[in-house]
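S.K.: Sharing a structure below in structure tokens format, with a few things to ask.
Only the coordinates and a few stated rules stand behind these numbers; no lab work does. Worth saying up front: this structure is predicted, and the values here are computed from it rather than measured. Using ideal geometry, Cβ is built from the backbone for each residue, glycine included, and neighbour counts are taken over all protein chains shown.
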Amino acid sequence: MKKNYHFIYIICVLLISSTIISCKHKEDDYHNIKDAIDAKSKNYDGISISSEEFIGDINTIEITEGEHTFLIPERKSQIKSYACTECHTKDLDQMQNLKDSKKAHWDISINHADDKTMNCITCHNAKKIDDLTSITGTSIDFNNSYQLCSQCHTRQFEDWKGGAHGKILESWAPPRASMTCVNCHNPHDPHFETKWPDRFNTQKVKERD
Ligand code: HEC
Ligand code: HEC
Ligand code: HEC
Ligand code: HEC
């Protein structure tokens, strides 16, 4: 009985290694993996590979950051209380001083860094409320809110540009589309609880034996 298994095992190893070797030969037609992907995505059995069908009806905008050009979801149409100027017809300080006005944004409280660093107008442009603002006072469009985050979270921003932080939408085939920071992080309360993976408990296994 045991010998038979050995025999089958050897056949399998031979089969697998021969396929690996023959595949390797084909891959050598390309300089590197990226060339292979580029060449194959152009035309695959007459069908071009594209992420477009995965992106579907998500409205996207194209951005270029450094050497990376890719799509991110458009935001403004997704934000409930946009345009802000529908209510913000006066300057912010005048709005805030409205007597007996109910707190308009009662559902927003900041749990992001500490309140010495962070208040509403660290991010929102008090003079032009339909925009965000950089620390130095430059307007940032709500669609480009990642430019707000990148000022303080350089490492995550660099990773994200390269596709390492945050999710690529569905497929590696071009065009590349990535979720933007606020698709995952609530800017007012961005922290996620760390989740530990379930562990395989070797002690329990020993006890069972
Ligand atoms: C439905 C009306 C309405 C809309 C829409 C609205 N606001 Fe307001 N907002 C108010 C009112 C009224 C106040 C003043 C009373 C208060 O402080 O709650 C206010 C106050 C604020 C303040 C000051 C809050 C504070 O605690 O100091 C900020 C910042 C602000 N709004 C940002 C925005 C932004 C950004 C948008 C758009 C994304 C927006 N608002 C859309 C009605 C609105
Ligand atoms: C760390 C930066 C930051 C701070 C601080 C901040 N916001 Fe925001 N806020 C944003 C960004 C970015 C968005 C857009 C998020 C998106 O695209 O969904 C937003 C969205 C909003 C909206 C629209 C939300 C909706 O779903 O309609 C309102 C209203 C708002 N902020 C008010 C405030 C108020 C009031 C404060 C202070 C109490 C505040 N924000 C503090 C970054 C900030
Ligand atoms: C003015 C600087 C500043 C801006 C702008 C800013 N942050 Fe932060 N953020 C901080 C600081 C400071 C902390 C708390 C210290 C830390 O944990 O790194 C923090 C904490 C966080 C955390 C939690 C880190 C943890 O330990 O879990 C996340 C996530 C985050 N920010 C995402 C964002 C996103 C997304 C944006 C853009 C909408 C943004 N931040 C904009 C300064 C900023
Ligand atoms: C697809 C979702 C997604 C996108 C997009 C995304 N993040 Fe995150 N981010 C996460 C998750 C999940 C964590 C928590 C990781 C953990 O706790 O191990 C995280 C963690 C962080 C932290 C905490 C520190 C760390 O590295 O653990 C910061 C700061 C942060 N993100 C900033 C950003 C910024 C800035 C952007 C945009 C340039 C961004 N994120 C885009 C999902 C995302």
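S.K.: Can you put 107, 189 in order of Cβ neighbours within 10 angstrom, beginning with the fewest?
M.R.: Ascending Cβ contact count within 10 Å gives the list 107, 189.
S.K.: Quick check on the exposure proxy: order 169, 92 from fewest to most C-beta atoms within 10 angstrom.
M.R.: Ranking 169, 92 by Cβ neighbours within 10 Å, fewest first, gives 92, 169.
S.K.: Between residue 151 and residue 30, what's the calculated FRET efficiency when r is the beta-carbon distance and R0 is 41 Å? Round to 0.05.
M.R.: So, using R0 = 41 Å, E works out to roughly 0.55.
S.K.: Using square roots of five times the C-alpha gyration tensor eigenvalues, list the equivalent-ellipsoid semi-axes of the stretch 73-136 in whole Å, biggest first.
M.R.: Three semi-axes, in Å: 18, 17, 13.
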